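So the structure is just underneath, and the comments pick up after that.
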Amino acid sequence: MDIAKLTERLDACYSGAVYDVMRARGLENCVLPHSIVGLDNETRVVGPISTLRGVAFDANRHDEEVDYLLPWVEFLSTAPAGHVVLCQPNSERLALMGELSAETLKVRGVRGYIVDGGSRDNSFIRSIGFPVFCRFRTPRDIVAKWVPQGVDDPITIGDVLIEAGDFVVADFDGVVIIPKGIVEDVVTEVEEVISAEDKVRAAILAGTDPVDAYKTYGKF
């Protein structure tokens, strides 16, 4: 599997068409919760997934001799280029992305970051063009409150199981996960769907009745 080529092809697709193909395969449980959205309407990212899982702990716990932030920085230093990080933080309160982290990931060639949790410094993140999808925004950071527990382990977001190496398409409509074992076939089918939709669109704009266009191309 040529991951770079697949990513390039998938970048020409959109989440609705990907979902249609997944649904036709009986795999419609592929969409992350609709509360997970991009930082602005233009935010979009596709690519192979690297997963991150962590745990929050008692905010009152603090040991001056323990560097609680180091494990996070170590994650940033090893996040794989060309991938999208999907994070299950198991936290309803904290920001799992911020300005320095986003800039670090961007410089390292990470394609984007999707978290079932919070993000902060979002104006700056938008200004550097690093794609982030999150569930909420908050100034609360993770210092002495959260640590990563696993990288590239299976995670669940909503009711969707996600494994390292799966692919993601995230855009204005939502976030869709494609299992790695079928991604090549799905991308090919999505390209066929988009081509058929373009033919329907061209026919209707040329004056063809929508029913006739639908019967001719089988898409709408």
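Inside the stretch 168-205, can you point out the residues that are within 30 Å of Arg93 (Cβ to Cβ) and either in contact with a Cys (Cβ under 9 Å, 6 or more places away or on another chain) or hydrophobic (A, V, I, L, M, F, W, C) (or both)? I'd like the intermediate steps shown before the answer.
So in the stretch 168-205, the residues within 30 Å of Arg93 (Cβ to Cβ) come out as 168-177.
Correct list: Val168, Val169, Ala170, Phe172, Val175, Val176, Ile177.
Quickly run through the stretch 63-119 and pick out the residues that are over 30 Å from Leu6 (Cβ atoms) and among the acidic types (Asp, Glu).
Once the filter is applied, which keeps residues that are over 30 Å from Leu6 (Cβ atoms) and among the acidic types (Asp, Glu), the stretch 63-119 yields Asp63, Glu64, Glu65, Asp67, Glu92, Glu99.
Can you pull out every residue in the stretch 81-91 that is more than 12 Å from Lys145 (Cα to Cα) and either at pLDDT below 95 or buried (at least 17 other Cβ atoms within 10 Å of the Cβ) (or both)?
Result: His83, Val84, Val85, Leu86, Cys87, Gln88.
The rows are residues; the columns are (1) in contact (Cβ under 8 Å) with a residue 12 or more places away in the chain; (2) closer than 23 Å to Gly174 by Cβ; (3) touching a Cys at 6+ places or on another chain (Cβ under 8 Å); (4) not in a loop (DSSP other than H, G, I, E, B).
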| position | (1), (2), (3), (4) |
| --- | --- |
| Thr43 | yes, yes, no, no |
| Ser50 | yes, yes, no, yes |
| Trp72 | yes, no, no, yes |
| Leu76 | yes, no, no, yes |
| Leu86 | yes, yes, no, yes |
| Arg93 | yes, no, no, no |
| Met97 | yes, yes, yes, no |
| Thr104 | yes, no, no, yes |
| Gly150 | yes, no, no, yes |
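Does Glu28 satisfy the condition of being within 21 Å of Val176 (Cα to Cα) and surrounded by fewer than 14 Cβ atoms within 10 Å (Cβ to Cβ)?
So Glu28 fits the description; yes.
List the residue pairs whose Cβ atoms are under 8 Å apart, where the first residue sits in the stretch 1-12 and is over 13 Å from Lys180 (Cβ atoms), the second is among the β-branched types (Val, Ile, Thr) and at pLDDT 95 or above, and the two are 6 or more positions apart or on different chains.
Taking only residues 6 or more apart or on different chains, the pairs are Arg9/Val187; Asp11/Val46.
Restricting the search to the stretch 155-180, which residues are out of contact with any Leu (no Cβ under 6 Å at 6 or more places or on another chain) and either of a type in the set (Gly, Ala, Ser) or more than 16 Å from Leu27 (Cβ to Cβ) (or both)?
Within the stretch 155-180, Ile155, Ala164, Gly165, Ala170, Asp171, Phe172, Asp173, Gly174 meet the criteria.
The values are calculated or read from the model by the stated rules, or taken from the named source; none is laboratory data. None of the values given here were measured: they were computed from a predicted structure. Cβ atoms come from the backbone with ideal geometry, glycine included; neighbour counts cover every protein chain shown.
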